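These notes concern the structure reproduced below.
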Amino acid sequence: MGRGPSSLGDLVAHGSTADIYAWGRHAVVKVLRPGIPDGWADREAEVTSLVHRAGLPAPATDGVVRVAGRPGIVFERIEGPSLWDGIVAGDVAVEAAIDRFAGLQAELFRARPVPGLPSLAARLAAKIAEAD
């Protein structure tokens, strides 16, 4: 993937820590909200890239960009409805979505350790130390 456009496309999704926008035709950018430390974007991009290269179910990444002064992580765009949209529309049973998520989680648990991933214990200790 290239670096993509300099302006945002349509809002694709939003969450508690970021909004996701179209970024050209084949990518999206996850723009962190104000108050979320800039370093989170670098860590998420690095971890996602390692997991993707290990062949696990994660999108390809194209690094971190600045969007309106905020960090944004560029991901490959995977077309199709989300499981959440399917549940809300009544097209996907909640039990089927739970089974899908559980299957993905089980796939991750069966995977061999991914070289280069940061220590979860060290990350949790750092987050606890940073907490107010």
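The values are calculated or read from the model by the stated rules, or taken from the named source; none is laboratory data. Not measured: the values here are computed from a predicted model. Here the Cβ is made from the backbone with ideal geometry for all residues, glycine too, and neighbour counts use every protein chain on show. Note: accessible area is taken over every heavy atom of the protein model, side chains too, but ligands, DNA and RNA are not part of it. Shrake-Rupley method; radii C 1.70, N 1.55, O 1.52, S 1.80 Å.
For the range 104-132, the set of residues classified as of a type in the set (Asp, Glu), within 23 Å of ALA45 (Cα to Cα) and loosely packed, with under 10 Cβ neighbours inside 10 Å consists of GLU130 only. Among the residues of the range 50-91, those that are in contact with a His (Cβ under 8 Å, 6 or more places away or on another chain) and of a type in the set (D, E, K, R) comprise GLU76, ARG77.
Inside the range 10-57, residues that are open to solvent by 60 Å² or more (accessible area, probe 1.4 Å) and hydroxyl-bearing (Ser, Thr, Tyr) make up a count of 1. Taken over the range 82-103, the criterion of being free of Cβ contacts under 8 Å to residues at least 60 places away in the same chain, surrounded by 12 or more Cβ atoms within 10 Å (Cβ to Cβ), under 24 Å from ILE20 (Cα atoms) and not β-branched (Val, Ile, Thr) is satisfied by LEU83, ASP85, GLY86, ALA97, ARG100.
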